[in-house]
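Undergrad: One structure, as structure tokens, below. Some questions next.
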Amino acid sequence: MREFDYQRAYDVAGAVALLDADPDTRFLGGGTNLVDLMKTGVERPVRLVDIRELPLDRIESTPEGGLRIGATVTNGDLAAHPEVRRRYPALAQAVLAGASGQLRNMATVGGNLLQRTRCGYFTDVSRPCNKRVPGSGCPALTGEHRNHAILGASEHCVAVHPSDMGVALAAFDAVVHFETADGAGELPLADFYLPVGDTPHRETALPPGALITGVTLPPAPVAAHSRYRKVRERASYAFAIGSLAAALDIRDGVVREARLAFGAVASRPWRAAAAERVLTGAPAGAETYATAADAELAAARPLPDNGYKVDLIRNLVVTVLTELAEETAR
Ligand SMILES: Cc1cc2nc3c(=O)[nH]c(=O)nc-3n(C[C@H](O)[C@H](O)[C@H](O)COP(=O)(O)OP(=O)(O)OC[C@H]3O[C@@H](n4cnc5c(N)ncnc54)[C@H](O)[C@@H]3O)c2cc1C
Ligand code: SF4
């Protein structure tokens, strides 16, 4: 690992000023992704600004009835918070489905959103990779891509975003708040991650030097009846090969409201808006759920070795919505 400077920030303005002064500086959250990438030479910052002492470690109710989650709240504290578990259970389940207890106690909300892809070519600096070195190529297209994207990818990059937490945040219309030297701003999660296109190295719409200060979850009564289901190659301590955050409100046998987001299928948590449109107002039942999944997955463009993800996600949608519907009927 290269030598680097380390500095601790105690207020938001100070942290932003430290990064603004030097583009080779990175914020350090829990370090569970950044430090790994520094060890392999993917990231080579000259200075780290430790943000864990910033006053951004609270989870509070908003006047509108949602939740505001500070950027340095650990994944462990987020999953354990009683209001998160009560109002947005799929979010708590998603966080608990990720990593390990030790990692969740270090990892932060801001860092989780900005964690990088686990594509093996990205993390191996001896290989070309458009995301790491723009214009160098994408060996995953013809190489190892069993866990790569089926939705929203391009011929320049087919990597998936690895976050579980982000999938639940996408389903619940989260808004990301940030601070720059020019002031505060916010981005709906739907606009936070950029389309891949021919610039896979540009991953988010955050302005340069932005510090994520928190995430707001708007009030969503449907979210109280939600679930996160993750499929992985080992029972624990593994990234998803496909996942689903779902919420369902059924009245008199008709779907009143549904929220769906897929994980490990695209460069970002994938909000399944086409599926939600099919579900809303339709009779509850497996046939409707399958039709909804198919509506979303019509846009899937699998690679030679990851077509299984289409069936996997379709089955997840039918299974999880059926479970949620049965619970509603009880
Ligand atoms: C073995 C292992 C297994 C894992 N399994 C899973 C899994 O199953 N599911 C899953 O979702 N994740 C998994 N993870 C990833 C883990 O969730 C992330 O590493 C973690 O969430 C990153 O948070 P952090 O605070 O440690 O980020 P850091 O490593 O500190 O930072 C990550 C990036 O975000 C930037 N950053 C951090 N905070 C801010 C901020 N507030 N504003 C602006 N930039 C910021 C940093 O500069 C860096 O670029 C796993 C990780 C490991 C090591
Ligand atoms: S899929 Fe993306 S991250 Fe992986 S090698 Fe191709 S360009 Fe790099």
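Undergrad: Checking Ala149 against (1) away from ligand 1 (no atom under 11 Å from the Cβ); (2) open to solvent by 50 Å² or more (accessible area, probe 1.4 Å); (3) over 30 Å from Glu326 (Cβ atoms), only one condition comes out false. Which one?
TA: Result: Ala149 passes all but (2).
Undergrad: Evaluate region 67-75: report whether one residue or more is away from ligand 2 (no atom under 16 Å from the Cβ), modelled with pLDDT of 95 or more and charged (D, E, K, R).
TA: yes
Undergrad: While we're looking at this one, here's another question. Select from region 61-83 the residues that are touching a Leu at 6+ places or on another chain (Cβ under 7 Å) and either within 14 Å of Asn112 (Cβ to Cβ) or open to solvent by 40 Å² or more (accessible area, probe 1.4 Å) (or both) and list them in ascending order.
TA: Ser61, Ile69, Gly70, Ala71, Thr72, Ala79, Glu83
Undergrad: Of all residues in region 107-116, which are open to solvent by 40 Å² or more (accessible area, probe 1.4 Å) and more than 7 Å from ligand 1 (Cβ to nearest atom)?
TA: Selection gives Arg116 alone.
Undergrad: Right, something else. Residues to consider are Glu203, Glu186; find the one that is open to solvent by 40 Å² or more (accessible area, probe 1.4 Å) and more than 26 Å from Cys119 (Cβ to Cβ).
TA: The unique qualifying residue is Glu186.
Undergrad: Test of understanding: among Leu303, Leu312, Leu324, which residue is farther than 24 Å from Arg256 by Cα and touching a strand residue (DSSP E or B) at 6+ places or on another chain (Cβ under 8 Å)?
TA: Just one listed residue meets the conditions, Leu312.
Undergrad: In addition: Have a look at Val175, Val160 and point out the one that is modelled with pLDDT of 95 or more and within 14 Å of ligand 1 (Cβ to nearest atom).
TA: Val160
Undergrad: Quick one: would you say Ser61 is within 25 Å of Pro200 (Cα to Cα), more than 10 Å from ligand 1 (Cβ to nearest atom) and of a type in the set (S, T, N, Q)?
TA: Answer is no for this residue.
Undergrad: Counting only residues that are part of a helix (DSSP H, G or I) and under 18 Å from the mean Cα position of the chain (by Cα), how many does region 49-84 have?
TA: 6
Undergrad: If you go through region 90-106 one residue at a time, do you hit one that is open to solvent by 20 Å² or more (accessible area, probe 1.4 Å), of a type in the set (Gly, Ala, Ser) and within 25 Å of Asp191 (Cα to Cα)?
TA: For region 90-106, residues open to solvent by 20 Å² or more (accessible area, probe 1.4 Å), of a type in the set (Gly, Ala, Ser) and within 25 Å of Asp191 (Cα to Cα): absent.
Undergrad: For region 208-232, name all the residues that are open to solvent by 40 Å² or more (accessible area, probe 1.4 Å) and either modelled with pLDDT under 95 or in contact with a Lys or Arg (Cβ under 9 Å, 6 or more places away or on another chain) (or both). Outline the logic, then answer.
TA: First pass over region 208-232, keeping only residues open to solvent by 40 Å² or more (accessible area, probe 1.4 Å): 208, 218-219, 221, 224-225, 227, 229, 231-232.
Pro208, Pro219, Pro221, Ala224 - these are the residues of region 208-232 that are open to solvent by 40 Å² or more (accessible area, probe 1.4 Å) and either modelled with pLDDT under 95 or in contact with a Lys or Arg (Cβ under 9 Å, 6 or more places away or on another chain) (or both).
Undergrad: Which members of region 8-38 meet the condition of being open to solvent by 70 Å² or more (accessible area, probe 1.4 Å) and away from ligand 1 (no atom under 11 Å from the Cβ)?
TA: Once the filter is applied, which keeps residues that are open to solvent by 70 Å² or more (accessible area, probe 1.4 Å) and away from ligand 1 (no atom under 11 Å from the Cβ), region 8-38 yields Arg8, Tyr10, Asp11, Ala13, Asp20, Ala21, Pro23, Asp24.
The values are calculated or read from the model by the stated rules, or taken from the named source; none is laboratory data. Here the structure is a predicted model, which means the values were calculated and not measured. As a convention, Cβ positions derive from the backbone with ideal geometry for all residues, glycine included, and neighbour counts pool all protein chains shown. Protein only, heavy atoms only, side chains kept; ligands, DNA and RNA dropped before computing areas. Shrake-Rupley method; radii C 1.70, N 1.55, O 1.52, S 1.80 Å.
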